[in-house]
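Here's the structure we're looking at; comments come further down.
The values are calculated or read from the model by the stated rules, or taken from the named source; none is laboratory data. Given the structure is predicted, the values throughout are model-derived calculations rather than measurements. Positions of Cβ are generated from backbone atoms using ideal geometry, with glycine treated the same way; all protein chains shown enter the neighbour counts.
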Amino acid sequence: MDLRTVGQALRYGRSALQTVSENPGMDVQLLLSDILSQPQEWLLAHPEHPLKSQQGQTYHDQLSHLAAGVPLPYVLGWWSFYGRRFIVSPAVLIPRPDTECLVELALEILSDLNHPAFVLDAGTGSGCIGITIAAERRGDRIIAGDISREALCVAVRNASLHEVHGMIDFVVMDGLNALSCKMDLVCANFPYIESTTLSGLDVSRHEPLHALDGGEDGFDTIRPALRRLPDVLRSGGYALFEIAANQGPLALQEAQQNLPAWDAALHADLAGRDRILAIQRPACM
């Protein structure tokens, strides 16, 4: 193993990850960029740059974790979401681009309000949804809830990192229970993967199962949350639920059965797949 320069480290890393990564070149660039605090473009332009012995050792250790199957964001300790870095750990799900579509829709809804909004980020995990809304709008009041105290600790750190801690109340919350005030908007990223499907997915090996396992049909947490919405949403308020790409028909069916007088619609992700169930309480109710 020769890791004396950037170029040598990149070559060694690509070889080490060739059989375990879909994009080993990008992975090793992210690792080394983070260790050296330099842009990825700088690495490619300076292959002769020497590595300190501790930098080389850190890089080698991180490569070993990746080769063992640990997801890259957990190795780095952070991941990007909506243009910001969020601290992540195995206590929280890794933020994904699909969830950015929920944030886009949430910001669009909130932009139509002529007053500061009350927003619930249910199943907050790393806090990426609620913190992003707070950072983008700065005038709203956010409640971020999660059943996991470990996850809330990560979310609190992220709120401080992005300087929105004073805008967010963090609470231990199971679904939509124990909420005593009504919201203009509920954003929910509850577990929605069917139990029988989850066991065969790589995501089940490292990410928190309680945040992934949605039960037999994936709606074990979403279904009771739908029933709670009349107690949670103000008149004219919205609720956004992230769902699996194959759950659109089920999502609409559950919304219509539990909230027959409310408006319900599906919104697609960047790949054109059903990803968000949007529900609006009629303004007259």
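Structure above, values below:
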item: Contacts under 7 angstrom Cβ, first residue in region 117-138 being assigned by TED's automatic domain parsing to the domain that holds Gly214 and over 16 Å from Ile222 (Cβ atoms), partner acidic (Asp, Glu) and surrounded by fewer than 24 Cβ atoms within 10 Å (Cβ to Cβ), 6 or more apart; result: Ala117/Asp140; Ala117/Asp184; Phe118/Asp184; Val119/Asp140; Val119/Asp184; Ile133/Asp140; Ala134/Asp140
item: Failed condition for Phe81, given (1) at pLDDT 95 or above; (2) surrounded by 14 or more Cβ atoms within 10 Å (Cβ to Cβ); (3) closer than 30 Å to Leu102 by Cβ; (4) out of contact with any Cys (no Cβ under 6 Å at 6 or more places or on another chain); result: (4)
item: Hey, Asp34 charged (D, E, K, R), modelled with pLDDT of 95 or more and either touching a Phe, Trp or Tyr at 6+ places or on another chain (Cβ under 9 Å) or assigned by TED's automatic domain parsing to the domain that holds Ile94 (or both) or not; result: yes
item: Of all residues in region 213-271 being in a loop (DSSP other than H, G, I, E, B) and of a type in the set (Val, Ile, Thr), the one that is nearest to Asn114 (Cα to Cα); result: Ile243
item: Residue within region 157-171 that is charged (D, E, K, R), modelled with pLDDT of 95 or more and not in a helix (DSSP H, G or I) present; result: yes
item: Residues of region 43-68 classified as surrounded by 14 or more Cβ atoms within 10 Å (Cβ to Cβ) and within 29 Å of the chain's Cα centre (by Cα), total; result: 9
item: Residue match in region 183-191 (condition: free of Cβ contacts under 8 Å to residues at least 40 places away in the same chain and buried (at least 24 other Cβ atoms within 10 Å of the Cβ)); result: no
item: Search result, residues across region 18-31 that are at pLDDT below 95 and surrounded by 14 or more Cβ atoms within 10 Å (Cβ to Cβ); result: Ser21
item: From Arg234, Arg273, Arg281, residue being over 28 Å from Gly77 (Cβ atoms), at pLDDT 95 or above and touching an Asp or Glu at 6+ places or on another chain (Cβ under 8 Å); result: Arg234
item: Hey, Ala144 of a type in the set (A, V, I, L, M, F, W, C), surrounded by 17 or more Cβ atoms within 10 Å (Cβ to Cβ) and over 18 Å from Val232 (Cβ atoms) or not; result: no
item: Yes/no for Ala225 being in the same structural domain as Cys101 (by TED's automatic domain parsing), out of contact with any helix residue (DSSP H, G or I) (no Cβ under 6 Å at 6 or more places or on another chain), modelled with pLDDT of 95 or more and among the hydrophobic types (A, V, I, L, M, F, W, C); result: yes
